[in-house]
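Accompanying notes for the structure given below.
The values are calculated or read from the model by the stated rules, or taken from the named source; none is laboratory data. This is a predicted model, so every value here is computed, not measured. In this analysis, Cβ positions are derived from the backbone assuming ideal geometry, glycine residues included, and neighbour counts consider all displayed protein chains.
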Ligand SMILES: [Zn+2]
Ligand SMILES: [Zn+2]
């Protein structure tokens, strides 16, 4: 029997469910009908209740359909390559309930396994630790970075780069609180992390101005920094990176000459960074992106005599949501870096030019993401295609947002108004493409 806990409360179909490895071998009809399944769920069978309640919305919407096709059985299946082996890129492993009510419906249940069980060799899906700063999560991030920097020919081959003109330097003299200062560089080579985030408030609590530059070069008070920036410093410390670039503190906000010069180097600043951290799960700089993640109770099933599979209770969101991903300038900051660590609502996503790795264990290839960084991506058709699918803000607004973003790109352009009508989009894009950030790439393409 597959179910491990509360066996005495199982309904009779659930008590007959074999270990998962036997389900994998074929599709098994488990419940005679939706009515049987639902009434077992409502009567307290632990597995039926779990399966029903975790996907309640989907079941409820199917219930309307099923009224047309009563009495059809529900099968339990393994969704993944067979024989069981680590899934190829872009492929999933999960358990599905298949219902054939005139049409075929699959309701998918995300799974994971413990790393110390034999099945972990063939099932790469793991539990998501609620704490994004746990040792386990940091080790995973370090592993992603190490395999990228050592083995990926498309990604940045070296770790040290010429530091941007201004960066925050971290000294770890104090365990609980880092000492920070702004440094101005000319020739120093080192690793640095860039931060991509939503300001949300203006002006920021601490930002670099001509008048406080000398003071920030003396020291930056960690306690006065907003949470998002504090978090970026915390992550950098844990990853052993001494320098962080954050626009609010590394672009002189009231010096147009320096600002213009730095904006012109945005491509280099992001493109040469060791990694960009993207705080995609927060809407303002005052929020912490290192908040605890959702961790519903799993359901334990026996895989075979030596391993278990856990139903995860939810499907971790793979497209980090939140306001950050809907903003065009964040999109821009997403395509310039070689390595991007996205803090999403449910999990971390590590994206480099050779692949995308999800904390849950899923892997995706990088064709779509690699192409944005290539010149052909800058053709308007490609933008429309890319943005339209992923960003919910209307396209013209996105472009307007990007053009009038906080980096002050608008003043660098001529003849473009921030409020574009749909018919102006193409013009808008062509002008946007003349920005220094992309100019060289476009020239390379022709
Ligand atoms: Zn049951
Ligand atoms: Zn890589």
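Taking the stretch 267-287 as the range and being assigned to a helix (DSSP H, G or I) and surrounded by fewer than 23 Cβ atoms within 10 Å (Cβ to Cβ) as the test, the residues that pass are 267, 268, 270, 271.
Inside the stretch 288-303, residues that are touching a helix residue (DSSP H, G or I) at 6+ places or on another chain (Cβ under 6 Å) and in a loop (DSSP other than H, G, I, E, B) make up a count of 4.
Comparison of 83, 124 shows that the only residue that is more than 19 Å from the chain's Cα centre (by Cα) and in a loop (DSSP other than H, G, I, E, B) is 83.
For the stretch 103-118, the condition of being more than 16 Å from ligand 1 (Cβ to nearest atom), in a helix (DSSP H, G or I), out of contact with any helix residue (DSSP H, G or I) (no Cβ under 7 Å at 6 or more places or on another chain) and without any contact (Cβ under 8 Å) to a residue 40 or more places away in the chain holds for none of the residues. Just one of (1) assigned by TED's automatic domain parsing to the domain that holds residue 14; (2) closer than 30 Å to residue 304 by Cβ; (3) out of contact with any strand residue (DSSP E or B) (no Cβ under 9 Å at 6 or more places or on another chain) fails for residue 121. It is (1). Restricting attention to the stretch 138-153 and to residues that are out of contact with any strand residue (DSSP E or B) (no Cβ under 7 Å at 6 or more places or on another chain) and more than 10 Å from ligand 2 (Cβ to nearest atom), the residue that is modelled with the lowest pLDDT turns out to be 146.
With the requirement that a residue be in contact (Cβ under 8 Å) with a residue 40 or more places away in the chain and either within 28 Å of residue 83 (Cα to Cα) or within 16 Å of ligand 2 (Cβ to nearest atom) (or both), what does the stretch 121-137 give you? Answer for the stretch 121-137, where residues must be in contact (Cβ under 8 Å) with a residue 40 or more places away in the chain and either within 28 Å of residue 83 (Cα to Cα) or within 16 Å of ligand 2 (Cβ to nearest atom) (or both): 123, 124, 125, 126, 127, 128. Checking the stretch 15-25 against the condition returns no match, with no residue being closer than 19 Å to residue 59 by Cα, within 10 Å of ligand 1 (Cβ to nearest atom) and not in a strand (DSSP E or B).
Residues checked against (1) away from ligand 1 (no atom under 14 Å from the Cβ); (2) closer than 20 Å to residue 112 by Cβ; (3) modelled with pLDDT of 90 or more; (4) buried (at least 17 other Cβ atoms within 10 Å of the Cβ):
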{"site": "38", "(1), (2), (3), (4)": "no, no, yes, yes"}
{"site": "43", "(1), (2), (3), (4)": "no, no, yes, no"}
{"site": "46", "(1), (2), (3), (4)": "no, yes, yes, yes"}
{"site": "52", "(1), (2), (3), (4)": "no, no, yes, yes"}
{"site": "56", "(1), (2), (3), (4)": "yes, no, yes, no"}
{"site": "60", "(1), (2), (3), (4)": "yes, no, no, no"}
{"site": "64", "(1), (2), (3), (4)": "yes, no, no, no"}
{"site": "70", "(1), (2), (3), (4)": "yes, no, no, no"}
{"site": "81", "(1), (2), (3), (4)": "yes, yes, no, no"}
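Taking (1) modelled with pLDDT under 90; (2) outside the structural domain of residue 346 (by TED's automatic domain parsing) in turn, residue 174 satisfies each apart from (2). Picking from residues in the stretch 86-102 that are under 20 Å from residue 22 (Cβ atoms) and in a strand (DSSP E or B), the one that is nearest to the chain's Cα centre (by Cα) is 94.
Taking the criterion of being touching a residue at least 24 places away in the same chain (Cβ under 8 Å) and outside any helix (DSSP H, G or I), the residues of the stretch 26-50 that qualify are 27, 28, 29, 30, 31, 32, 33, 43, 44, 45. Can you tell me which condition residue 198 does not meet? The list is (1) in contact with a helix residue (DSSP H, G or I) (Cβ under 6 Å, 6 or more places away or on another chain); (2) within 16 Å of ligand 2 (Cβ to nearest atom), and all the others hold. So residue 198 meets the others, but not (2).
Suppose the filter is away from ligand 2 (no atom under 16 Å from the Cβ), surrounded by fewer than 12 Cβ atoms within 10 Å (Cβ to Cβ), within 30 Å of residue 294 (Cα to Cα) and without any contact (Cβ under 8 Å) to a residue 60 or more places away in the chain; does residue 174 pass it? So residue 174 does not fit the description; no. Just so you know, in the stretch 154-170 the residues that are in contact (Cβ under 8 Å) with a residue 40 or more places away in the chain and within 15 Å of residue 239 (Cα to Cα) include one that is farthest from ligand 2 (Cβ to nearest atom), and it is 169. Residues of the stretch 1-14 that are within 12 Å of ligand 1 (Cβ to nearest atom) and surrounded by fewer than 17 Cβ atoms within 10 Å (Cβ to Cβ): 1, 6, 7, 9, 12.
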